Amino acid sequence: QVQLVESGGGLVQAGGSLRLSCVASGSIFSFNAMGWYRQAPGKQRELVARITSDGSTNYADTVKGRFTISRENGKNTVYLQMNSLKPEDTNVYYCNANLRRALKLTPDDYWGQGTQVTVSS
């Protein structure tokens, strides 16, 4: 079993900052990538930021220059530093990990339960 547990969401005023954390635990052999997605009610889940095992990152255009994704490999943890937050960043943020479990040859996607980020104007 693999679990992803997110933390760090909350309510912040526009222009403020939050840092999301996601810890992966379980029988993990290796990571291909970890990332953050967000989903507003009635809309599709969209990529916010992603970091691969070699440290390459990519971001949604709407968050470039404001959000930074990073990893702490030894702790199976990924962070999302969110600065200059805007009301339109209000969403449920989900952690994703594409990883190989021990004794399994192919990778799978795993998701956290989501954490609410609300930005007031």
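The values are calculated or read from the model by the stated rules, or taken from the named source; none is laboratory data. These figures come from a predicted structure and were not determined experimentally. All Cβ positions, even for glycine, are placed from backbone atoms using ideal geometry, and neighbour counts span all protein chains on display. Areas reflect the complete protein model, heavy atoms only, side chains present, ligands, DNA and RNA absent. Shrake-Rupley method; radii C 1.70, N 1.55, O 1.52, S 1.80 Å.
General observations
- Residues that are small (Gly, Ala, Ser), closer than 15 Å to residue 95 by Cα and open to solvent by 40 Å² or more (accessible area, probe 1.4 Å), drawn from segment 21-70: 25, 70
- Any chance residue 68 is under 19 Å from residue 54 (Cβ atoms), in contact (Cβ under 8 Å) with a residue 40 or more places away in the chain and within 11 Å of the chain's Cα centre (by Cα): no
- Note on segment 71-93: residues that are open to solvent by 20 Å² or more (accessible area, probe 1.4 Å), modelled with pLDDT of 95 or more, assigned to a strand (DSSP E or B) and out of contact with any Gly (no Cβ under 9 Å at 6 or more places or on another chain) amount to 1.
- Single condition residue 117 does not satisfy, out of (1) in contact (Cβ under 8 Å) with a residue 60 or more places away in the chain; (2) open to solvent by 60 Å² or more (accessible area, probe 1.4 Å): (2)
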